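Written below as structure tokens is the structure these notes are about.
The values are calculated or read from the model by the stated rules, or taken from the named source; none is laboratory data. For clarity, every value in this text was computed on a predicted model and none was experimentally measured. Methodologically, a virtual Cβ is constructed for each residue, glycine included, from the backbone with ideal geometry; neighbour enumeration extends over all protein chains shown.
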Amino acid sequence: MAKAIGIDLGTTNSVVAVMEGGKPTVIINSEGSRLTPSVVGFTNAGERLVGQLAKRQAVLNPENTIYSAKRFIGRRFPEVQSEIKNVPYKVVAGPNDAVRFLISGKQYSPEEISSMILRRLADDATKYLGEKVTDVVITVPAYFNDAQRQATKDAGKIAGLNVLRIINEPTAAALAYGLDKKTNETILVFDLGGGTFDVSILDVGDGVFEVHATAGDTHLGGDDFDKRLVDWIAEEFMRDQGIDLRKDRQSLQRLTEAAEKAKIELSSSLETTISLPFVTADASGPKHLEMKLTRAKFDQLTADLVERCVGPVKQALADAKIAEKDLDEVILVGGATRIPAVQALVRRLTGGKEPNQSVNPDEVVAIGAAIQAGVLAGEVKGVVLLDVTPLSLGLETLGGVMTKLIERNTTIPARKSETFSTADDNQTAVDVHVLQGERELARDNRTLGHFRLEGIRPALRGKPQIEVTFDIDANGILTVTAKDQDTGKEQKITVSGSTQLSKDEIDRMVKDAQAHSDEDKRRKEEVEARNSADSVAYQVERQISELGDRVPVNEKARAEQLIGEIRELVKNNSTDVARLRQLGSDLQQVAHALSSAAYSQASQTASGPSGNGRATDDVIDAEFKQTR
Amino acid sequence: MMPTETTELERLQEQLRTEHEMYLRALADFDNYRRRVERESKYTARSGKREIILSLLEVLDGFDRAFQHAEKNQSALWEGVQAIHRKLLAVLQAQGIAPFESVGQAFDPALHEAIAAVEPNGHPSGTVVDDVQRGYRWGDEVLRPARVRVAQ
């Protein structure tokens, strides 16, 4: 029962994900990161490094460190001339004009380099999951031709993997949003990554995706935005201080990092400060860089980059013969789509449609690939059936409070038991009021059913133990059982359709609870204050009657006065929490004085209740109210 | 036995097999998940701290840079600032975090991030000439690699 994983084999970074318990999870690599750089380095010592380690030594070993292999895979040597100019390593023509990387006199195909990255990702997955992984789904850009797809598949084979399927990146993104369940929809996927920009238009029907058009810019991405910012900061600094920070490697590195950080911060705030103390020095001493940057300025600096996205979107729409109003869904992929100006542009170009962006745009493609892998491995079908309870389930307890046994969004089937007790002396029956909802008070929630458990042997309040079990099966059928531990008597009720509320109803109930949460909390506090004061009053009353004439007269009078006041407040449903608490604690004090006085008088006969007088430790602090 | 019963039996057996398979799968998933959660619980506890510690390291870098520019200054203020630096280091040390030495060592991508290759000037090729940003360990783990220049 091997696991199948999904791999987003990217130009700059790769991500691997897997289905676990029916949910996609991004796998953390051995360096503790969710992204693995798509870089392979060959050291002088003959060692092969993949990922972060390869990247760290790239400066020392530029000719033997291959990145962006994806730009070469499955292509002919004459087609990649412009790409060759951008890379420091040697690219040569192999047999039949195939692309080869020349590393220390040895030729490697792009497939081989990609296979090393795939192997590493699969190894990380194996380590993470604790079981061997061989089945994979790999994503490729929608515009990849057959040769590029075949080469990617071959890379998987070379890595010793069983490639279940090669799928398109935009299709994977759509899968991650569950859009395969839609019928006849048109989807635009806007993918602005670190170094590439792709637009795709897809159609979905009967779970099948069809790519209608693709367009893009193979050299436009988030890195360009960073570079714009670096240039601006460096120029401002040069005007101020007369030093070009870009000339010094160390300063440039710090600047690039600071620029990227500023870009990220400006996605969530309107202003940020770039601070690089001791960024450089000249004869006059050290120089510091301290600069404020507003989002407006950032937008101005990068306006033309954002504008470069317009053409490809329009072209894709035209090629697909689709008007912007015909788009049903828009999906954002790639870290750079977090930039507010980019999002605004997407909205503008798609008729104001709100884009899907709830899934992390850096991971959405890998997540979709994992879902596809799960389906192909026959896993998703089995596990996805597991449902959750949309609302909490519980019962009414003393003072009209709802005590939740099963919290909302619990995966079903689920079962939970708790022990309750009685609220009054000699109570012989309890009412079980089964509730559904998120509000604190019973009356604000939905009643699923009522039943009554009778024949409880008369006892002091808090003594009987009634075990209540909520059992909800995979079909959402809820059975509530109440069992008297003493007599073994049992009553139950079955409620079907506790999960069959409409989505609107559920949303309304959850929103309601949020809207009233402060008020509900206060009301619950009031109930609890009354319950706890009443409980103290009850205990002290019992203590007095048990101790009889051993109780000192003064203390007794004081206690009775306090009990009287509490009873009055409880009877009138007082909302004066402070007063109730004060009375409760005063009474507790009196009770201590009372019992120590009594005990010192006659320690040999003392048998009064101690603590809070509740039956056992596992009896929770909530009782059924007296049935009327 | 009736032929329909046979088919019904086969169908049920098949269904049972599928159901059992799904059951085992869920069970295995859960078991693996539980084991991994146990294994990772330590890591998760640390990952919360990691972010804040990494940003504190940037403050330490600031001290390192400042000291480079003021080596000959021996004023009382200077000594006070050095004491603050030592204090911050001690706070981190108490958490098991400490800088490691890179200069003179052979370049190792597990510990070092190369930012430039420089003239050897007496250093053996492939060794670290200086660290422009110190590396830190957290117990056995490399918390942050050192940023180094390497002789070549």
Query - Per-region count, the stretch B:119-152, residues touching a strand residue (DSSP E or B) at 6+ places or on another chain (Cβ under 9 Å), acidic (Asp, Glu) and in a strand (DSSP E or B) - result: 2
Query raised in the report: What tally of residues in the stretch B:31-69 results from selecting those that are modelled with pLDDT under 80 and facing chain A (nearest Cβ under 9 Å)?
Result: 9
Report summary line: Restricted to the stretch A:263-275 and to residues being touching a strand residue (DSSP E or B) at 6+ places or on another chain (Cβ under 8 Å) and not in a loop (DSSP other than H, G, I, E, B), the residue nearest to the other protein chains (Cβ to nearest Cβ) is A:Ser275
Report task. Can you tell me which residue within the stretch A:451-483, out of those that are in contact (Cβ under 8 Å) with a residue 40 or more places away in the chain and basic (Lys, Arg), is nearest to A:Ile406 (Cα to Cα)? Result -> A:Arg452
Report summary line: Subset of the stretch A:43-95, residues of a type in the set (S, T, N, Q), surrounded by 17 or more Cβ atoms within 10 Å (Cβ to Cβ) and free of Cβ contacts under 8 Å to residues at least 60 places away in the same chain, comes to A:Thr43, A:Gln52, A:Gln57, A:Asn61, A:Asn64, A:Thr65
Query raised in the report: Taking A:Gly455, is it among the small types (Gly, Ala, Ser), outside any strand (DSSP E or B) and within 41 Å of the chain's Cα centre (by Cα)?
Result: no
Query raised in the report: Within the stretch A:348-370, can one find any residue that is in contact with a strand residue (DSSP E or B) (Cβ under 8 Å, 6 or more places away or on another chain), within 14 Å of chain B (Cβ to nearest Cβ) and modelled with pLDDT under 85?
Result: no
Query - Candidate set: the stretch A:110-152, residues that are among the small types (Gly, Ala, Ser) and touching a residue at least 60 places away in the same chain (Cβ under 8 Å); chosen: the one farthest from B:Val37 (Cα to Cα) - result: A:Ala147
Requested in this report: Considering only residues that are charged (D, E, K, R) and not in a strand (DSSP E or B), look in the stretch A:96-111 and name the one that is surrounded by the most Cβ atoms within 10 Å (Cβ to Cβ).
Outcome: A:Glu111
Query - Residue among A:Asp180, A:Asp223, A:Asp203 that alone is more than 30 Å from B:Ile115 (Cβ to Cβ) and either part of a loop (DSSP other than H, G, I, E, B) or under 28 Å from the mean Cα position of the chain (by Cα) (or both) - result: A:Asp180
Report task. Confirm whether A:Arg558 is under 20 Å from A:Val577 (Cβ atoms) and not acidic (Asp, Glu). Result -> no
**Report entry** Residue satisfying condition, being in a helix (DSSP H, G or I) and away from every other protein chain (no Cβ under 14 Å), within set A:Thr171, A:Thr214
**Finding:** A:Thr171
**Report entry** Members of the stretch A:410-466 that are of a type in the set (D, E, K, R) and in contact with a Lys or Arg (Cβ under 6 Å, 6 or more places away or on another chain)
**Finding:** A:Asp424, A:Asp425, A:Asp431, A:Glu440
Query raised in the report: Does the stretch A:440-450 contain any residue that is touching a helix residue (DSSP H, G or I) at 6+ places or on another chain (Cβ under 6 Å), in contact (Cβ under 8 Å) with a residue 12 or more places away in the chain and not in a strand (DSSP E or B)?
Result: yes
Requested in this report: Confirm whether B:Ala116 is surrounded by 12 or more Cβ atoms within 10 Å (Cβ to Cβ), assigned to a strand (DSSP E or B) and small (Gly, Ala, Ser).
Outcome: yes
Report summary line: Pairing a residue in the stretch B:132-152 that is free of Cβ contacts under 8 Å to residues at least 24 places away in the same chain with any residue that is among the polar types (S, T, N, Q), where Cβ atoms lie under 9 Å and the two sit 6 or more apart in sequence or on different chains, gives B:Val132/A:Gln250; B:Val132/A:Gln253
**Report entry** Of the criteria (1) of a type in the set (A, V, I, L, M); (2) over 16 Å from B:Arg137 (Cβ atoms); (3) part of a helix (DSSP H, G or I), which one B:Leu60 fails
**Finding:** (2)
Requested in this report: Tell me which residues, restricted to the stretch A:94-134, are of a type in the set (A, V, I, L, M) and within 14 Å of chain B (Cβ to nearest Cβ).
Outcome: A:Ala125, A:Leu129, A:Val133
Report task. Could you tell me whether any residue of the stretch A:196-208 is aromatic (Phe, Trp, Tyr), touching an Asp or Glu at 6+ places or on another chain (Cβ under 9 Å), under 18 Å from A:Ala172 (Cβ atoms) and at pLDDT 95 or above? Result -> yes
Report summary line: Checked the stretch A:208-242 for anything touching a strand residue (DSSP E or B) at 6+ places or on another chain (Cβ under 7 Å), surrounded by fewer than 18 Cβ atoms within 10 Å (Cβ to Cβ) and closer than 19 Å to A:Thr256 by Cβ; matches are A:Glu236, A:Gln241
Report task. Kindly indicate whether any position in the stretch A:570-582 is crowded, with 19+ Cβ neighbours inside 10 Å, within 21 Å of A:Arg523 (Cβ to Cβ) and among the hydrophobic types (A, V, I, L, M, F, W, C). Result -> yes
Report summary line: Within the stretch B:83-92, residues being more than 22 Å from B:Arg46 (Cα to Cα) and surrounded by 14 or more Cβ atoms within 10 Å (Cβ to Cβ) number 1
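This table checks each residue for (1) facing another protein chain (nearest Cβ under 10 Å); (2) surrounded by 14 or more Cβ atoms within 10 Å (Cβ to Cβ); (3) at pLDDT 95 or above.
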site	(1), (2), (3)
B:Ala94	no, no, no
B:Gln105	no, yes, no
B:Pro120	no, yes, no
B:Pro124	no, no, no
B:Gln133	yes, yes, no
B:Tyr136	no, yes, yes
B:Asp140	no, no, no
Query raised in the report: Scanning for something surrounded by fewer than 20 Cβ atoms within 10 Å (Cβ to Cβ), within 14 Å of another protein chain (Cβ to nearest Cβ) and not in a strand (DSSP E or B), does the stretch A:276-296 turn up at least one residue?
Result: yes
**Report entry** Residue satisfying all of: in the stretch A:20-61; at pLDDT below 90 and outside any loop (DSSP other than H, G, I, E, B); farthest from the other protein chains (Cβ to nearest Cβ) among these
**Finding:** A:Lys23
